[in-house]
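Scroll down for the structure; my scribbles are underneath it.
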Amino acid sequence: DRIRGADIGCGGGRYDLLLLEALPGLHLLCGDINEPMVKETICYLEDHGQKNFFARLIDSSGLQLPDNSLDFILTFNAIHHFDPVHFLSQAARAIQNGGYIFVYTRLRSQNVRSIWGRFFPGFREKEGRLYDLPQIDQWSGRVEFLYLEEIRFFQFKRIASLQHLLNQAKNRHYSTFCLYSEDEFSLALSGFKEEIERHFEDVDRVGWTDENAMIVFRKGTGTALMNSND
């Protein structure tokens, strides 16, 4: 069966390729506010032989998608750039009854426990855009006919060299690094190097656990949802 979905904040299309490969019947709209990212997504997906997608500029503050036109909308690691309630309200309008909204993100508490939150000076204090469960629990209550169905938690074991981590920071792998002034960042980078050297015997094999959460919302009245599960 044909599945219609949209990825808002698609970045370079890495997650979109996985979706298209996993769901052969998927027709996917890939949207991002950044035009170079949209172009990169198109090239990336076409280079991997994908055809069932359409990519265009989309601002999360104005999705401009037809009502009840999609089976799902998802966003990967981008909700902290959005007004979450406004985004969910627009997304709920665009999906059909019984459809889903998937929000994949890092919670604020998970960020604190990350390699950056633990050892990169100021990282957890600078990053004030993330959310935790009490806030997330309130979102659907502010959007008519949208329900919080499930939250799944993920953990990923990571190993990398200190040099790789330093390169990630210098290349602004997380947008949090862009919140530092140049002087702040230079000092924090040096402090991070010292902290890693202090806490890990082998700086070529620095180990940690990344954590993320998948927040699943569903649209519909209680009766409609019950019937759709029969």
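The values are calculated or read from the model by the stated rules, or taken from the named source; none is laboratory data. Everything quoted here is computed from the prediction, not taken from an experiment. Cβ atoms come from the backbone with ideal geometry, glycine included; neighbour counts cover every protein chain shown. Protein only, heavy atoms only, side chains kept; ligands, DNA and RNA dropped before computing areas. Shrake-Rupley method; radii C 1.70, N 1.55, O 1.52, S 1.80 Å.
Observations
- Exactly one residue out of Gly31, Gly62, Gly25 is over 13 Å from Ala94 (Cβ atoms), among the small types (Gly, Ala, Ser) and out of contact with any helix residue (DSSP H, G or I) (no Cβ under 6 Å at 6 or more places or on another chain): that is Gly25.
- Whichever residue in region 98-114 is open to solvent by less than 20 Å² (accessible area, probe 1.4 Å) and either in contact with a Gly (Cβ under 9 Å, 6 or more places away or on another chain) or aromatic (Phe, Trp, Tyr) (or both) and, among such residues, is farthest from Ile196 (Cα to Cα): Gly98
- Test: residue in region 146-165 that is in contact with a Ser or Thr (Cβ under 8 Å, 6 or more places away or on another chain), over 20 Å from His81 (Cα atoms) and open to solvent by less than 40 Å² (accessible area, probe 1.4 Å): yes
- Condition met for Ala55 (within 16 Å of the chain's Cα centre (by Cα), under 14 Å from Gly31 (Cα atoms) and not in a loop (DSSP other than H, G, I, E, B)): no
- Unmet criterion (only one of (1) open to solvent by 30 Å² or more (accessible area, probe 1.4 Å); (2) within 24 Å of Phe145 (Cα to Cα); (3) without any contact (Cβ under 8 Å) to a residue 60 or more places away in the chain) for Asp47: (2)
- Ile33 vs. criteria touching a strand residue (DSSP E or B) at 6+ places or on another chain (Cβ under 8 Å), open to solvent by less than 30 Å² (accessible area, probe 1.4 Å) and either at pLDDT below 95 or aliphatic (A, V, I, L, M) (or both): no
- Out of Leu88, Leu63, Leu133, one residue alone is open to solvent by less than 60 Å² (accessible area, probe 1.4 Å) and either in contact with a Leu (Cβ under 8 Å, 6 or more places away or on another chain) or over 24 Å from Leu20 (Cβ atoms) (or both). It is Leu88.
- Taking the numbered list (1) outside any strand (DSSP E or B); (2) among the aromatic types (Phe, Trp, Tyr); (3) closer than 23 Å to Tyr131 by Cα in turn, Phe192 passes all entries but (3).
- Answer residue from region 166-183, given it is open to solvent by less than 80 Å² (accessible area, probe 1.4 Å) and assigned to a helix (DSSP H, G or I) and is nearest to Phe200 (Cα to Cα) among those: Leu166
- Identity of the residue in region 184-194, in contact (Cβ under 8 Å) with a residue 60 or more places away in the chain and of a type outside the set (A, V, I, L, M), that ends up most open to solvent (accessible area, probe 1.4 Å): Glu184
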